[in-house]
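K.L.:
Supplied in structure tokens, the structure appears directly below.
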Amino acid sequence: VSLAEARKDGSHLLMLAERHTFKALQLSETCSYAHLINGRRMQLLYDRANSAGVDETTLVASKQLAAYESAIRCNPRLGEAYEGAGLCHQREGQLEEAAELLMTAVSLQAKQPLMPFEWFATIL
């Protein structure tokens, strides 16, 4: 089973997410949420590839980690990106790196508002 076949067997939502994150990154490489969503999309792809026995999971895992690292570079206060990167390191058995990233995520997420100001302003 190839990576392309693992993509096809699944949901159109994965392909839709891929298209939208690609468009967002074309508009701005500094869009931290696009990188974050790309990392999450790569997690879904990794899970599918892994369950299908695809040999390319290492490639998917490295792209996933790169997406989270890009999100962190774009927005160093985005706790979700640290969480994603930490879980990537944990999956690979790199527990010291994972612990450091996950502790950063917890620290940052504790300081985050429940709702972004832009959403609050829209609701009013």
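The values are calculated or read from the model by the stated rules, or taken from the named source; none is laboratory data. Here the structure is a predicted model, which is why all the values come from computation and not from measurement. Methodologically, a virtual Cβ is constructed for each residue, glycine included, from the backbone with ideal geometry; neighbour enumeration extends over all protein chains shown. Ligands, DNA and RNA are stripped out before the accessible areas are found, and what is left, the full protein with its side chains, is counted by its heavy atoms. Shrake-Rupley method; radii C 1.70, N 1.55, O 1.52, S 1.80 Å.
K.L.:
Any residue at all in the range 50-61 that's part of a helix (DSSP H, G or I) and under 13 Å from the mean Cα position of the chain (by Cα)?
P.N.:
Yes: one or more hits.
K.L.:
Of the conditions (1) modelled with pLDDT of 90 or more; (2) assigned to a helix (DSSP H, G or I); (3) loosely packed, with under 15 Cβ neighbours inside 10 Å, GLN90 clears all except one; give me its number.
P.N.:
With (1) modelled with pLDDT of 90 or more; (2) assigned to a helix (DSSP H, G or I); (3) loosely packed, with under 15 Cβ neighbours inside 10 Å applied to GLN90, the lone miss is (3).
K.L.:
Could you give me the residue pairs with C-beta distances under 8 Å whose first residue belongs to the range 87-112 and is on the phi < 0 side of the Ramachandran plot and touching a residue at least 12 places away in the same chain (Cβ under 8 Å), whose second residue is among the polar types (S, T, N, Q) and open to solvent by 80 Å² or more (accessible area, probe 1.4 Å) wherever it lies, and which are 6+ apart or on separate chains?
P.N.:
ALA98/GLN90; LEU102/GLN90
K.L.:
Does ALA67 count as within 11 Å of the chain's Cα centre (by Cα), at pLDDT below 90 and open to solvent by less than 50 Å² (accessible area, probe 1.4 Å)?
P.N.:
Against the criterion (within 11 Å of the chain's Cα centre (by Cα), at pLDDT below 90 and open to solvent by less than 50 Å² (accessible area, probe 1.4 Å)), ALA67 does not qualify.
K.L.:
Next up: Name every residue in the range 63-87 that is part of a helix (DSSP H, G or I) and farther than 13 Å from HIS35 by Cβ, in order of residue number.
P.N.:
Those that are part of a helix (DSSP H, G or I) and farther than 13 Å from HIS35 by Cβ: GLY79, GLU83, GLY86, LEU87.
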